[in-house]
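Values in this text are rule-based calculations from the coordinates and carry no lab data. Being a predicted model, the structure only gives us computed values, none of them experimental. Here the Cβ positions follow ideal geometry from the backbone for every residue, glycine too, while neighbour counts run over all protein chains shown.
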């Protein structure tokens, strides 16, 4: 049976989340949050989460975690997520995530978990010192998704393997218990134009963990800071080409063209149609104007919201109640299927 046929019995629903581990960047915005906003206008139910349980797979300062969770929520809201159109909450407010996560720990196989490349990347040479939570992270992510019978999961390319594991867990659960209970969730992968790279090294993804603040645009940066970082972004001495092939071996130039394209909502080729032949001394000011016009209002609204944390907390509490209204019956049905007494 095809995935489409399997999922046809389920309500079309989007679920995705971001870790509140500090520092929203332009990469988070273009690669995730802006897509979340677009999807809430598509007539499909949308559920977005701050996955704070995932954040503590490595140690977090408690006060910083609370601040970062609110700041991420502020970023969602300032970027255009409407809590009346989407459900917005933090993961730990819905205990069913952890409960279904344990069930899936008992469904997932060690061999599957050992193939997860993100654990190897994050644990590095000190895998023996990594937390069990970091190892089991993909199983909890499967619970996050399947707790809502989500049919679509917008994720970055680096999370695609985890959504594939989610499908494996759903298929094994359905097979083991002779049911058609969990859907085969579909990953919705970010496009090339929304994969934002470092402003200092076009071969590396823009990251909040980079020691150089100049390598990224933070969503909390004001207009002057955004402008300064773009003006100082690494480039090369050549003019912009007129065709995409001309960017093949020019990662910094390609990155700035992609950022312009993503912010303007046009293709990279359309950017070159407008700016091909220009030196960066002419292109960067155009990018500065576009970025400031687009991003400065978001950082301003984030700052306002962070001064009114009670407003954020009320939205998250309401979202958690709405999320639990969906999650609790699905968890109870799961318990019934596996034979647990109520």
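For the chain, the longest principal axis of the alpha carbon atoms and the long axis of helix 62-79 meet at an angle near 70°.
Using 0.36 nm per residue and subtracting the Cα-Cα separation, the extra length available between residue 118 and residue 332 on full extension is 73.9 nm. With neighbours defined as other Cβ atoms within 10 Å of a residue's Cβ, the residues 39, 306 order from fewest to most as 306, 39. The distance from the alpha carbon centre of the range 147-215 to that of the range 216-249 is 27 Å, rounded to a whole number. For the range 213-303, the spread of Cα coordinates along the three principal axes comes to 40, 24, 19 Å, biggest extent given first.
Residue exposure proxy: 87, 44, ordered by other Cβ atoms within 10 angstrom of their Cβ from fewest to most, comes out as 44, 87. Relative to the dominant Cα principal axis of the chain, helix 309-338 is inclined by about 40°.
In plain terms, the chain from residue 310 to residue 181 could stretch by 42.6 nm, reckoned as 0.36 nm per residue minus the Cα-Cα distance. Sorted fewest first by neighbouring Cβ atoms within 10 angstrom, 146, 110, 305, 24 come out as 110, 305, 146, 24.
Could you give the length gained by full extension between residue 264 and residue 342, i.e. 0.36 nm per residue of separation minus their alpha carbon distance, to one decimal place? Don't skip to the answer; put the middle values down first.
Numbers: separation 78, 0.36 × 78 = 28.08 nm, distance 5.33 nm.
Difference between extended and current length: 22.8 nm.
If you model the range 174-224 as an ellipsoid using its alpha carbon gyration tensor, with each semi-axis the square root of five times an eigenvalue, the axes come out at 40, 13, 11 Å, biggest first.
State the Kirkwood hydrodynamic radius of the chain in Å, one decimal place, computed from all pairs of distinct Cα atoms.
Working: mean 1/r = 0.0469 Å⁻¹.
Result for the chain stands at 21.3 Å.
With no solvent and one point on each alpha carbon, what is the Debye value of log10 I(q)/I(0) for the range 296-336 at q = 0.25, 0.27 Å⁻¹? Log10 I(q)/I(0), no solvent term: -0.80, -0.85. Computed from Cα positions, the angle between helix 251-264 and the longest principal axis of the chain comes to roughly 70 degrees. Once C-alpha pairs closer than 8 Å and six or more residues apart are averaged by separation and normalised to the residue number of the chain, the relative contact order reads 22 percent.
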